[in-house]
DNA sequence: ACAATACTGAAGTTATCGCTTAACTATTGT
DNA sequence: ACAATAGTTAAGCGATAACTTCAGTATTGT
């Protein structure tokens, strides 16, 4: 259920923005509140919340609110899905190159 | 030289569009001309060329023109760089979880 | 030489993005 | 009770993105 093309779309779109990638990077070192995520970013808290919503909609980040603080954490399964998409394409290409190499090697010294 | 944040930015931005991912997908099965790339896409050839330029600027695709046909192929190194970025963040998170698990296991049955 | 092919480039349009400000709600600390 | 903290929501705005059409340029096949 993670290969849903619509979800993949949201994930890559989410990763396309440098601020959002910075947020993911921060979260890869551990959970954080919204203000903690915002702290290194040169933009309003409001803007950060909007980025966070994009990340959450994409499935890359999950958040949980306790009292007045919203704690955010990475969803590794979603990261894995994006990773997997790229990996499959790259491997398909590289396997193709290998087969081509074999073919050339076999054909080289023939009658 | 592949971890240049600007290049990473271009790559993720390039992958954010479904049409461009479809083009990358097609190219993962082997080189193709611009028209071949355009064929399954419901848009003008001109639009495809624009997408292709984005892909090329990002380093994900390399093209070469012979006569009147431009042949496009995937650049696996660039794909690997994007893959790597995601992988590092995911692993950082998972290692963190592991350490946390170890800590809890050690602390569990103590005086 | 002429027509068809395979792009290329510019201009214009519409929609979406990434922000800002401002006003608001809910929780917590004194 | 009051103020400070933490986040939310809506409106608006300028910039960019994803197209379109149309007019052009090389190349190639007949």
Seminar exercise, completed: Among helices (runs of 4 or more DSSP H) completely within the stretch A:18-59, the ones holding 3 or more residues that are closer than 22 Å to residue B:86 by Cβ and more than 9 Å from DNA strand D (Cβ to nearest atom) are A:18-28, A:45-58
Exercise. Which number in (1) in a loop (DSSP other than H, G, I, E, B); (2) within 11 Å of another protein chain (Cβ to nearest Cβ) marks the one condition that residue B:85 misses?
Worked result: (1)
Seminar exercise, completed: (1) within 9 Å of DNA strand C (Cβ to nearest atom); (2) under 29 Å from residue A:19 (Cβ atoms); (3) more than 8 Å from chain A (Cβ to nearest Cβ) all hold for residue B:71 apart from (2)
Problem set entry | residue A:17 in contact (Cβ under 8 Å) with a residue 24 or more places away in the chain and surrounded by fewer than 20 Cβ atoms within 10 Å (Cβ to Cβ) | yes
Seminar exercise, completed: Among B:64, B:94, the single one that is assigned to a helix (DSSP H, G or I) and either over 19 Å from the mean Cα position of the chain (by Cα) or facing chain A (nearest Cβ under 10 Å) (or both) is B:94
Seminar exercise, completed: Of the conditions (1) closer than 28 Å to residue A:20 by Cα; (2) more than 16 Å from DNA strand C (Cβ to nearest atom), the single one that residue B:23 does not satisfy is (2)
Seminar exercise, completed: Scanning the stretch B:67-78 for residues that are more than 10 Å from DNA strand D (Cβ to nearest atom) and outside any loop (DSSP other than H, G, I, E, B) gives B:70, B:71, B:72, B:73, B:74, B:76, B:77, B:78
For this session: Could you list all residues from the stretch B:1-50 that are facing chain A (nearest Cβ under 9 Å) and touching a strand residue (DSSP E or B) at 6+ places or on another chain (Cβ under 7 Å)?
Result: B:24, B:27, B:28
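Bear in mind that the values in this text are calculations on the coordinates, not laboratory data. Because the structure is predicted, anything quoted here is derived from the model rather than measured. Cβ coordinates were reconstructed from backbone atoms using ideal geometry, including for glycine residues, and neighbour counts include every protein chain displayed.
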